[in-house]
Amino acid sequence: MRFGLPLSAVSWNHWGTVAQEAERLGFESLWLPEHLVLPVAMTGSPQTGHSEPPITADVPA
């Protein structure tokens, strides 16, 4: 069985130390938290041929 270690409860400035210790202890993987940051106002689209942003203002935060 392989075990991963989530880093969501660890302050980012300790991730390196925790990662080294996890490797020493034989953990298979580390899991980093993901946070999507969006601007207050979006216009346009990064996709050719689209005029609206890929995420609309009515999507719940």
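The values are calculated or read from the model by the stated rules, or taken from the named source; none is laboratory data. If you're wondering where the values come from, they're calculated on a predicted model, not measured in any experiment. All Cβ positions, glycine included, derive from the backbone under ideal geometry; neighbour counts span all protein chains shown.
A few points about this structure:
- In segment 37-59 there is no residue matching the filter, namely being free of Cβ contacts under 8 Å to residues at least 12 places away in the same chain and assigned to a helix (DSSP H, G or I).
- Ser8, sole failed condition from (1) surrounded by 11 or more Cβ atoms within 10 Å (Cβ to Cβ); (2) in contact (Cβ under 8 Å) with a residue 12 or more places away in the chain; (3) polar (S, T, N, Q): (1)
- Residues of segment 15-42 that turn out to be in contact with a Pro (Cβ under 7 Å, 6 or more places away or on another chain) and at pLDDT 80 or above, as a count: 1
- Sole exception among (1) surrounded by 10 or more Cβ atoms within 10 Å (Cβ to Cβ); (2) assigned to a loop (DSSP other than H, G, I, E, B) for Glu34, by number: (1)
- A count restricted to segment 13-31 and to residues that are in a helix (DSSP H, G or I) and surrounded by 10 or more Cβ atoms within 10 Å (Cβ to Cβ) stands at 9.
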